[in-house]
Amino acid sequence: MRTLALDIGSVRIGVAVSDPLGLFAQGIGVWRADSDWRLALDDCIKKYKPSTLLIGLPVRTTGEKGIEAERILRIAEEIQSSYPEIKIETWDERFTTAIAEQVLLEADVSRNKRRQNIDKLAAVVILQSWLEKSKTF
């Protein structure tokens, strides 16, 4: 079953989905946080039929949850009430944007293209790290 991942920021929301086997993450979009992004989420859920929705949780470097993490947890609860059949999980997203930025810099992606793609790539990093941790052999 597929997993859909969201990196919810204050400006943009990066979106990634796993392959049907749950091995690889692929970035599929970036939504504006000030838009009605839940309609886009609904479309993604209908299209990909995920069994799990993974939401990046912005934990502080100390491991504590701050104001932003509490906001994300409230959003996760709201999403869960809208989609009770989907398992909602949060995943520590510390350093994922920095990792995504480094990948784009090493790929020599222009500043404008980095800005357009960093949130999507951060969602991929979140999902791929979760997939790798979740593997049971």
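The values are calculated or read from the model by the stated rules, or taken from the named source; none is laboratory data. Here the structure is a predicted model, which means the values were calculated and not measured. Cβ atoms come from the backbone with ideal geometry, glycine included; neighbour counts cover every protein chain shown.
Which of the residues belonging to the range 55-73 are of a type outside the set (A, V, I, L, M) and surrounded by fewer than 18 Cβ atoms within 10 Å (Cβ to Cβ)?
Looking only at the range 55-73, we keep the residues that are of a type outside the set (A, V, I, L, M), and these are 56, 58, 60-66, 68, 70-71.
If the condition is that a residue be of a type outside the set (A, V, I, L, M) and surrounded by fewer than 18 Cβ atoms within 10 Å (Cβ to Cβ), then Arg60, Thr61, Thr62, Gly63, Glu64, Lys65, Gly66, Glu68, Glu70, Arg71 are the ones that fit.
Does Ile126 fit the bill of being modelled with pLDDT of 90 or more and part of a helix (DSSP H, G or I)? Talk me through it step by step, then tell me what you get.
Working: modelled with pLDDT of 90 or more: yes; part of a helix (DSSP H, G or I): yes.
So Ile126 fits the description; yes.
Quick one: Leu57 ticks every box in (1) on the phi > 0 side of the Ramachandran plot; (2) in contact with a Lys or Arg (Cβ under 8 Å, 6 or more places away or on another chain); (3) at pLDDT below 95 except a single one, so which number is it?
(1)
State all residues of the range 41-77 that are touching a residue at least 24 places away in the same chain (Cβ under 8 Å) and of a type in the set (A, V, I, L, M, F, W, C); if no residue qualifies, say none.
Residues satisfying the conditions are Leu41, Cys44, Ile45, Leu53, Leu54, Ile55, Leu57, Val59, Ile72, Ile75.
Conditions first: (1) farther than 18 Å from Lys120 by Cα; (2) within 15 Å of the chain's Cα centre (by Cα); (3) among the β-branched types (Val, Ile, Thr). Thr62 passes all but one, so which condition is the exception?
Result: Thr62 fails condition (2) only.
If I ask for residues that are assigned to a loop (DSSP other than H, G, I, E, B) and of a type in the set (A, V, I, L, M, F, W, C), which ones from the range 1-12 would you list?
Met1, Val11
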